[in-house]
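Asks: Okay, handing you the structure first.
The values are calculated or read from the model by the stated rules, or taken from the named source; none is laboratory data. Since this is a predicted model, take the numbers as computed values, not measurements. As a convention, Cβ positions derive from the backbone with ideal geometry for all residues, glycine included, and neighbour counts pool all protein chains shown. Accessible surface areas use protein heavy atoms only, side chains included; no ligands, DNA or RNA. Shrake-Rupley method; radii C 1.70, N 1.55, O 1.52, S 1.80 Å.
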Amino acid sequence: MVKEKLIDKNNRVINYLRLSITDRCNLRCTYCMPEEGIDFVPHSEILTYEEMLHIVRLSVQSGIRKVRLTGGGPLVRRGFINFLKGLYKIEELNEITLTTNGVLLKEYAAEIKACGICRINISLDTLKAERFFHITGRDYFNRVWEGVQEVEYLGFGPIKINVVAIKGINDDEILDFARLTLKKPYHIRFIEFMPVGKQNSWSYEKFISTEEIYKQIQTLGALKPIKPNPFDGPAQRFVLDGGKGEIGFIGALSNHFCNSCNRLRLTSEGHLRSCLFSDQEIDIKTPLRESKGDAYFLDLIKLAIKNKPENHGLMIHGPRKCVRRMSSIGG
Ligand code: SAM
Ligand code: SF4
């Protein structure tokens with residue numbers, strides 16, 4: 001097997017692939033998906049699991065070492081567990097992780113663990129059932145919370161909880177989430193609200209920077225920094241005095257971490273994307289279905305890396321909304 005490192009023109013080593021396996025979802029988070037009028041990608045246009053495995057194998061040859069499965073709601077796609085088993089067999093993939101809204105987690109947690117996957121990110125923006133309904137359009141808070149407890153019980157770790165902080169929506173719960181890390185081993189990660197997707201409700205008024213969140217949490221006690229590791233991604237990590245868990249900050253807009261971005265994304269319809277905020281994509285599915293050889297795809301992967309923008313430019317040119325919605329890119 002060819003072993004090479006993928007290094008882009010800005011000297012970043014690209015070793016992390018985010019794979020959106022479906023654009024469908026069982027929630028309708030107001031900041032991500034409207035309740036009505038969504039043009040889902042037809043099933044025949046979504047990459048099959050075989051096609052995804054093929055691309056992951058080639059990506060691994062090109063230096064990818066970590067894959068995150070995301071969506072949409074990855075657990076809603078039929079056959080997901082068999083796909084995980086297939087992924088797990090790919091040698092030299094050091095890490096397979098999963099991002100989920102947690103709705104189906106309780107049902108699938110044991111099977112996911114049996115596939116060898118125990119690192120998980122669960123998106124949960126509130127600890128209040130009524131507010132959960134308001135944010136997601138579905139009355140599933142208890143299901144998600146039971147899912148969180150199930151993965152803890154089964155020994156998953158780390159259990160990361162992604163909280164998109166939005167002013168006027170859940171900013172009054174920042175300290176509650178931070179306090180949770182005193183009792184539980186969870187890694188709470190506060191994510192800045194991003195202007196992604198045409199119908200996203202982003203505005204300056206709703207935006208809270210990670211710096212503001214950090215300051216609020218300091219009122220609970222000192223935040224001790226944690227040394228980063230190479231697969232950490234963009235979160236700046238801390239622990240509260242006496243904390244069992246961690247607190248992370250993902251300053252997607254304010255603290256632009258593009259100079260350490262190690263990511264490549266593959267959308268569920270088979271487009272390679274080298275930056276979350278850029279709508280530049282490379283169609284992988286068409287040549288896959290034309291049965292092009294491996295060398296062709298290795299070149300496409302290199303091309304995607306070569307074209308990776310130096311940074312998202314949002315702080316220079318101001319927030320703009322990229323066209324594709326978050327659910328089809330996978331976050
Ligand atoms: N459905 C899964 C979930 O919610 O975990 C996976 C896909 S979701 C697109 C991945 C992550 O992106 C979630 O943590 C979600 O909260 C986050 N996200 C979605 N839209 C966002 C936005 N506009 N700004 C910041 N984060 C967003
Ligand atoms: Fe679904 Fe995740 Fe988007 Fe919410 S954020 S609608 S859970 S894809």
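Asks: Filtering region 48-62 down to residues that are closer than 18 Å to residue 22 by Cβ and among the β-branched types (Val, Ile, Thr), which residue is surrounded by the most Cβ atoms within 10 Å (Cβ to Cβ)?
Replies: Taking region 48-62 and keeping what is closer than 18 Å to residue 22 by Cβ, we get 48-56.
Add one more test, that the residue is among the β-branched types (Val, Ile, Thr), and what stays is 48, 55-56.
Values: 48: 16, 55: 23, 56: 20.
Checked region 48-62; the qualifying residue surrounded by the most Cβ atoms within 10 Å (Cβ to Cβ) is 55.
Asks: Got a number for residues in region 287-331 being at pLDDT 85 or above, within 19 Å of residue 21 (Cβ to Cβ) and open to solvent by 20 Å² or more (accessible area, probe 1.4 Å)?
Replies: 2
Asks: Of the numbered conditions (1) free of Cβ contacts under 8 Å to residues at least 60 places away in the same chain; (2) under 18 Å from residue 276 (Cα atoms); (3) of a type in the set (Asp, Glu), residue 192 satisfies every one except a single condition; which is it?
Replies: With (1) free of Cβ contacts under 8 Å to residues at least 60 places away in the same chain; (2) under 18 Å from residue 276 (Cα atoms); (3) of a type in the set (Asp, Glu) applied to residue 192, the lone miss is (1).
Asks: Select from region 94-113 the residues that are more than 13 Å from ligand 1 (Cβ to nearest atom) and modelled with pLDDT of 95 or more and list them in ascending order.
Replies: Quick first cut of region 94-113, residues more than 13 Å from ligand 1 (Cβ to nearest atom) only: 94-96, 106-113.
The answer is 96, 106, 107, 108, 109, 110, 111, 112, 113.
Asks: Could you identify the single residue in 197, 221, 245 that is surrounded by 15 or more Cβ atoms within 10 Å (Cβ to Cβ) and either modelled with pLDDT of 95 or more or more than 16 Å from ligand 2 (Cβ to nearest atom) (or both)? Don't jump to the end; show me each part of the working.
Replies: Numbers: 197 fails: either modelled with pLDDT of 95 or more or more than 16 Å from ligand 2 (Cβ to nearest atom) (or both); 221 fails: surrounded by 15 or more Cβ atoms within 10 Å (Cβ to Cβ).
Of the residues listed, the single one that is surrounded by 15 or more Cβ atoms within 10 Å (Cβ to Cβ) and either modelled with pLDDT of 95 or more or more than 16 Å from ligand 2 (Cβ to nearest atom) (or both) is 245.
Asks: Would a scan of region 275-283 turn up a residue that is open to solvent by less than 10 Å² (accessible area, probe 1.4 Å) and not in a loop (DSSP other than H, G, I, E, B)? Can you show your working first?
Replies: The initial filter retains those residues of region 275-283 that are open to solvent by less than 10 Å² (accessible area, probe 1.4 Å), namely none.
No: region 275-283 contains no residue that is open to solvent by less than 10 Å² (accessible area, probe 1.4 Å) and not in a loop (DSSP other than H, G, I, E, B).
Asks: Having 2 or more residues that are within 13 Å of ligand 1 (Cβ to nearest atom) is the bar; report the strands (runs of 3 or more DSSP E) wholly within region 128-239 that clear it. Full working, then the answer.
Replies: Values: elements: 159-165, 187-192, 223-225.
Qualifying strands (runs of 3 or more DSSP E): 159-165, 187-192.
Asks: Still on this structure, I have one more. Being within 16 Å of ligand 2 (Cβ to nearest atom) and not aliphatic (A, V, I, L, M) narrows it down to one residue among 102, 86; which is it?
Replies: Numbers: 86 fails: within 16 Å of ligand 2 (Cβ to nearest atom).
Result: 102 is the single residue among 102, 86 that is within 16 Å of ligand 2 (Cβ to nearest atom) and not aliphatic (A, V, I, L, M).
Asks: Further question on the same structure: Suppose we filter 68, 57 for residues that are under 30 Å from residue 203 (Cα atoms), at pLDDT 90 or above and of a type in the set (D, E, K, R); which single one remains? Let's see the steps before the verdict.
Replies: Details: 57 fails: under 30 Å from residue 203 (Cα atoms).
Every option except 68 fails the conditions.
Asks: Now for a different question. Checking residue 44 against (1) away from ligand 2 (no atom under 13 Å from the Cβ); (2) among the small types (Gly, Ala, Ser); (3) within 16 Å of the chain's Cα centre (by Cα), which single condition isn't satisfied?
Replies: It fails just one condition, (3).
Rundown of residues vs (1) within 16 Å of ligand 1 (Cβ to nearest atom); (2) in contact with a Cys (Cβ under 8 Å, 6 or more places away or on another chain), yes/no style:
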{"residue": "6", "(1), (2)": "no, no"}
{"residue": "9", "(1), (2)": "no, no"}
{"residue": "12", "(1), (2)": "no, yes"}
{"residue": "19", "(1), (2)": "yes, no"}
{"residue": "24", "(1), (2)": "yes, no"}
{"residue": "29", "(1), (2)": "yes, no"}
{"residue": "35", "(1), (2)": "yes, no"}
{"residue": "45", "(1), (2)": "no, no"}
{"residue": "48", "(1), (2)": "no, no"}
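Per-residue answers, yes or no, for (1) open to solvent by 60 Å² or more (accessible area, probe 1.4 Å); (2) under 20 Å from residue 270 (Cβ atoms):
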position	(1), (2)
38	no, yes
46	no, yes
64	no, yes
88	yes, no
99	no, yes
102	no, no
